[in-house]
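Have a look at the structure below before the remarks.
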Amino acid sequence: MRDFLFYNRKNIKLINIMKIAIVSDTHGNFNNFKRVIYFLNKENIKIILHCGDIGSYDFLKESLSNFKGKFFGVLGNMDSDFKFDIEKYQKPPFILVKEDIYEIDIDKKKIAFTHFKDVAEKLAETQKYDLVFYGHTHKPWEEKIQNCRLVNPGNVCGVFYKPTFAIYDTENDKLELKILEKI
């Protein structure tokens with residue numbers, strides 16, 4: 001598995017974040033993603049987990065130019081042209097992108113995220129994680145596999161379904177779907 005790293009190469013362990021945003025399938029929709037970023041900044045949410053089909057790195061860099069937090073993402077099936085120059089992008093915003101699976105601990109929650117549902121289901125079945133997130137289908141969805149919550153936050157681009165994303169509060173284990181037109 002190949003890691004794409006910008007800003008810092010250390011293994012990330014984040015403590016006491018409280019609220020995180022889960023997004024997927026932005027497909028380069030700058031206007032919708034900027035609305036999400038505006039909401040996150042307003043709500044002081046400092047972490048984005050992106051479940052793939054981002055768009056281009058230039059789209060990501062421009063979209064996150066005013067984001068006051070950290071971005072962690074995986075690539076999706078539509079990210080084959082995701083190219084970057086690691087020397088050029090060593091400055092904030094903090095961006096870390098992995099190829100297909102991302103594992104992270106946030107506020108004592110073990111989280112994995114990926115693009116495809118079948119991969120996410122296999123991750124959830126291992127029972128190593130509290131939450132597993134995925135994208136690809138564009139449809140918001142939540143289910144439990146034993147003690148693991150398996151969640152699709154929908155899509156930001158607004159294709160097939162309304163544009164949505166999710167906010168997860170680690171303190172009270174609450175997951176909330178946000179419909180972009182209502183924020």
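The values are calculated or read from the model by the stated rules, or taken from the named source; none is laboratory data. Bear in mind the structure is a predicted one, so any value in this text is a computation, not a measurement. Please note: Cβ atoms are built from the backbone with ideal geometry, for glycine as well, and neighbour counts cover all protein chains shown.
Here are a few things to note about the model shown:
- Single match in 161, 134 (criterion: among the aromatic types (Phe, Trp, Tyr), under 15 Å from residue 112 (Cβ atoms) and at pLDDT 95 or above): 134
- Hey, residue 16 within 18 Å of residue 175 (Cα to Cα) and at pLDDT below 95 or not: yes
- Whichever residue in the range 101-124 is over 16 Å from residue 21 (Cα atoms) and touching a strand residue (DSSP E or B) at 6+ places or on another chain (Cβ under 6 Å) and, among such residues, is surrounded by the most Cβ atoms within 10 Å (Cβ to Cβ): 120
- Flag set for residue 160, criterion: assigned to a loop (DSSP other than H, G, I, E, B) and under 21 Å from residue 55 (Cα atoms).
- Here 91, 61 are screened, and the one residue that is surrounded by fewer than 20 Cβ atoms within 10 Å (Cβ to Cβ) and modelled with pLDDT under 85 is 91.
- Within the range 156-178, considering residues that are among the aromatic types (Phe, Trp, Tyr) and in contact (Cβ under 8 Å) with a residue 60 or more places away in the chain, the one surrounded by the most Cβ atoms within 10 Å (Cβ to Cβ): 165
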